[in-house]
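Notes to accompany the following structure.
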Amino acid sequence: PKRFLQTLLPGPRRQPKGSPQGGGTRAFAKKTLTWRLVGEGYSSQLSVEDQRYIFRLAFRMWSEVIPLDFREDLTAPGATIDIQLGFGRGRHLGCPRVFDGSGQEFAHAWRLGDIHFDDDEHFTPPTSDRGISLLKVAVHEIGHVLGLPHTYRTGSIMQPNYIPQGPALELDWSDRKAIQKLYGSCEGSFDTAFDWIRTERNQHGDVTVRFSTYFFRNSWYWLYENRNNRTRYGDPVHILAGWHGVPAQSLDAFVHIWTWTRDERYFFKGNQYWRYDSEKDQTHAEDERGKSYPKLISEGFPGIPSPLDTAYYDRRKQFIYFFKGSFVFAFDVNRNQVLGSYPKKMTEVFPAIEPQNHPFRSIDSAYYSFAHKSVFFFKGSLYWKVVTDADRRQRPWLPSNGVFPKQPISEKWFDVCDVHASTLNM
Amino acid sequence: ETLFHSRDRSDLAPPLLRRATPIADLSAAQRFLSKYGWAEAPPGAGSVGPPGAALAEALRKFQKVNALPASGELDAATLATMNRPRCGVPDPRSQLMATSTAPRTPPSLPGRRPRAR
């Protein structure tokens, strides 16, 4: 059927009603949507490559905040493409809505997923500060196709009028919440999560300690900005792009032994471990005795099995807790050996506060968060927070190292979203 | 197709720059308001009745969400706003009052690996 026989957005869409009043309507139930810049709709102002790159970035920006992937499809029959984009002047692309020339209407979006740009407008790439940013308009129109209506909220990408953008176009907090009302939040398990410490000297020469939080999944990772409650703009990126010498994917654990005299960072995968040089931003090739990395875990950490599920370093006790299956091993880093009373059952060392509300075994990650001053056990899309001394000062009856009932990870760490593999390098 | 005669299209005729007809009077404003969902289509498309209460009300709402004096009169500031570049999708009525300003997210923290997108 002809696509354009429907009315322009935001009329009723094919999803069942019940969306929040005024908040829009979910448009797609699929996890991966395809898009294409149609051949007869290339702009005459930018190279085709530039146009496709800008649209790829625009789609990626939405997939960084919702559990949707967007894939450019250049081969499938046009009718099967979910979102088709094109430029035109005046009467264009068989569209019943005629563009008005330069000024006023610069683009529109149809409910069935077509987006048209008025090629009489002066569209410019993101690097330009003149004309109308094609990236900004594309992100706006894709927002419509996904189901968002216009809003006059200051700072929203869905404002109807074009507002020249500052240096960086990003989806603000409210836009993220609006689209997540329609598509939900991003969920998923992590291979490991850790805080990366760096010591700096401030202008007075005092040593200050700062940290960034990292989440690793498969072959990509995110830096999480705790202060802004979101991942860094432009993440996720490939592990190899940011961490040199570590395995490219599926890491098991990260441990940072941090005492007054030691500052050692280790990545674990399989039966091997790597030491990371924070200053040189790469893995060590060999240790002080000339023995090369990676090394066998059984050599560096005698008594510790592999592959591991995860591990974390307890700074106060100067133990590393290694996790495998339903067991936990406490490794004394000063004596370089497993405590005699270990291994123990996880449920014994970290007892459940609420019966049966425990990860029991095979956790994905044990993560000490400096932001929350707590250890969290990640398993799937859930976390269990471990009781801290502060908790016990308030509620003395809590068991030492007990675990609180599970909670969704996405409700504490926001917008940790996958993007389509084809856009990871952007 | 765009006309050209030499293989390298160097003689491509520059497209005549079409400019949108400015919205400069009441009838154009009425069409704008109905096109973008602020008012019903004017009776008898193409003809314009005298500005009634409904039109004044539509103007007032439009002025209010655009932070203009909500006079209900078609003044120069309102015309200028109507002529600004905008998306062709109508404004749903339910958004008419969405003028609250969300707290702005503070600039991003220069993380360990600063990356300019």
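Throughout, read-outs are computed from the coordinates displayed, never taken from laboratory work. Because the structure is predicted, anything quoted here is derived from the model rather than measured. Using ideal geometry, Cβ is built from the backbone for each residue, glycine included, and neighbour counts are taken over all protein chains shown.
Each of the chymotrypsin sites (Phe, Trp or Tyr not before Pro) that DSSP puts in a loop and that has at most 12 other Cβ atoms within 10 Å breaks chain A; the longest unbroken stretch is A:1-259. In terms of distances greater than 28 angstrom between alpha carbons, the cross-link table entries A:K31/A:K406; A:K31/A:K373; A:K373/A:K406; A:K181/A:K269; A:K31/A:K379; A:K295/A:K412 yield A:K31/A:K373; A:K181/A:K269; A:K295/A:K412. With a simple spin-label model that places each label point 7 Å from the Cα along the Cα-to-Cβ direction, the separation between B:R19 and A:S250 comes to 6.3 nm.
Here r is the Cβ-Cβ distance between A:T80 and A:K177 and R0 is 35 Å; the resulting FRET efficiency, rounded to 0.05, is 0.65.
What you get for the protein assembly as shown, charging only the Cβ of Lys and Arg (+1) and of Asp and Glu (-1), is a dipole of about 1200 debye around the Cα centre.
Go ahead and estimate [θ] at 222 nm for the protein assembly as shown from helices alone: -39,500 (n - 2.57) per DSSP H run with n ≥ 4, summed, over the residue count, rounded to 500.
Per the formula, -4500 deg cm²/dmol.
Grab the beta carbon distance between A:E279 and A:R393, set R0 = 25 Å, and tell me the FRET efficiency rounded to 0.05.
Calculated transfer efficiency: 0.05.
Restricting the calculation to Cα atoms, the stretch A:233-363 shows an Rg/Rh of 0.99 when the hydrodynamic-style radius is the Kirkwood one. Exposure proxy shown here: for A:H256, B:H5, A:H92, A:H116, the number of other Cβ atoms within 10 Å sets the order, fewest to most, as B:H5, A:H92, A:H256, A:H116. Run down the aspartates and glutamates and flag those whose C-alpha is under 12 Å from the C-alpha of B:K61, throwing out any fewer than 8 positions away in its chain. Leaving aside aspartates and glutamates fewer than 8 places away in the same chain, those within reach of B:K61 are B:E73, B:D91. Between the alpha-carbon centres of the stretch A:308-386 and the stretch A:395-426 there is a gap of 16 Å. Among A:T151, A:T388, the order by Cβ neighbours within 10 angstrom, fewest to most, reads A:T388, A:T151. Could you check how many percent of all C-alpha pairs in the stretch A:128-193 are farther apart than 21 Å? Roughly 31 percent, rounded to a whole number. With q set to 0.09, 0.12, 0.18, 0.20 Å⁻¹, the log10 of I(q)/I(0) for the stretch A:53-191, from the Debye formula over equal scatterers at the Cα positions, is -0.28, -0.49, -1.11, -1.35. Note on A:99-110: average number of Cβ atoms from other chains within 10 Å of each residue's Cβ is 6. Taking amide H positions as modeled 1.01 Å from N, with prolines and chain starts lacking one, the residues under 5 Å from A:A107 and 5 or more places away or on another chain are A:D118, B:G88.
Computed over the Cα atoms of chain A, what is the ratio Rg over Rh, Rh following Kirkwood?
Over the Cα atoms of chain A, Rg/Rh equals 1.05.
Cβ-to-Cβ counts within 10 Å put A:T32, A:T192, A:T127 in ascending order as A:T127, A:T32, A:T192, the fewest first. Name the shape class, rounded, prolate or oblate, that the alpha-carbon gyration tensor gives for the stretch A:319-377, where a ≥ b ≥ c are the square roots of its eigenvalues, rounded holds for a/c under 1.5, and otherwise prolate holds if a/b is larger than b/c and oblate otherwise. Verdict is oblate for the stretch A:319-377. In plain terms, the bigger the Kirkwood radius, the slower the diffusion; for the stretch A:125-235, with that radius from Cα pairs, at 25 °C and 0.890 mPa s, Stokes-Einstein puts D at 145 µm²/s.
Site pair A:K373 and B:A70 shows an inter-label distance of 4.7 nm when each label is modelled 7 Å from Cα along Cα→Cβ.
State the dimensionless ratio Rg/Rh of the stretch A:242-319 (Rg: radius of gyration of Cα atoms; Rh: Kirkwood radius). We get a ratio of 0.94 for the stretch A:242-319. Kirkwood hydrodynamic radius of the stretch A:203-272, from the reciprocal of the average inverse Cα-Cα distance over all distinct pairs: 14.0 Å. Label sites at A:V48 and A:Q318, each approximated as a point 7 angstrom past Cα along Cα to Cβ, lie 6.5 nm apart.
Our Cα-only numbers for the stretch A:28-80 put the radius of gyration and Dmax at 12.0, 35 Å. Once you have the Kirkwood Rh of the stretch A:73-120 from its Cα pairs, apply Stokes-Einstein at 37 °C and 0.692 mPa s and quote D in µm²/s. Calculated translational D: 289 µm²/s. Partner shielding of A:154-163 amounts to 5, given as the average count of beta-carbon atoms from other chains within 10 Å of each residue beta-carbon. Dimensions of the stretch A:179-230 based on its C-alpha atoms, expressed as ranges along the principal axes with the largest first, amount to 49, 25, 11 Å. Couplings 3J(HN,Hα) for the stretch A:120-125, derived from phi with the Karplus relation 6.51 cos²θ - 1.76 cosθ + 1.60 (θ = phi - 60°), are 7, 7, 9, 7, 10, x Hz, where x marks Gly and Pro.
Placing a label point 7 Å from the Cα of A:D263 along the Cα-to-Cβ direction, the residues of the stretch A:188-212 whose backbone N falls under 18 Å of that point are A:195-212.
How large is the dipole of the stretch A:63-133 about the Cα centre if only Lys and Arg carry +1 and Asp and Glu carry -1, each at its Cβ, rounded to the nearest 20 debye?
It comes to approximately 220 debye.
Magnitude of the Cβ-charge dipole of the stretch A:235-319, K/R +1 and D/E -1, about the Cα centre, nearest 20 debye?
That gives the stretch A:235-319 a dipole magnitude of about 240 debye.
For A:L240 and B:E40, a Förster radius of 41 Å and the Cβ-Cβ distance give a FRET efficiency of 0.10, rounded to the nearest 0.05.
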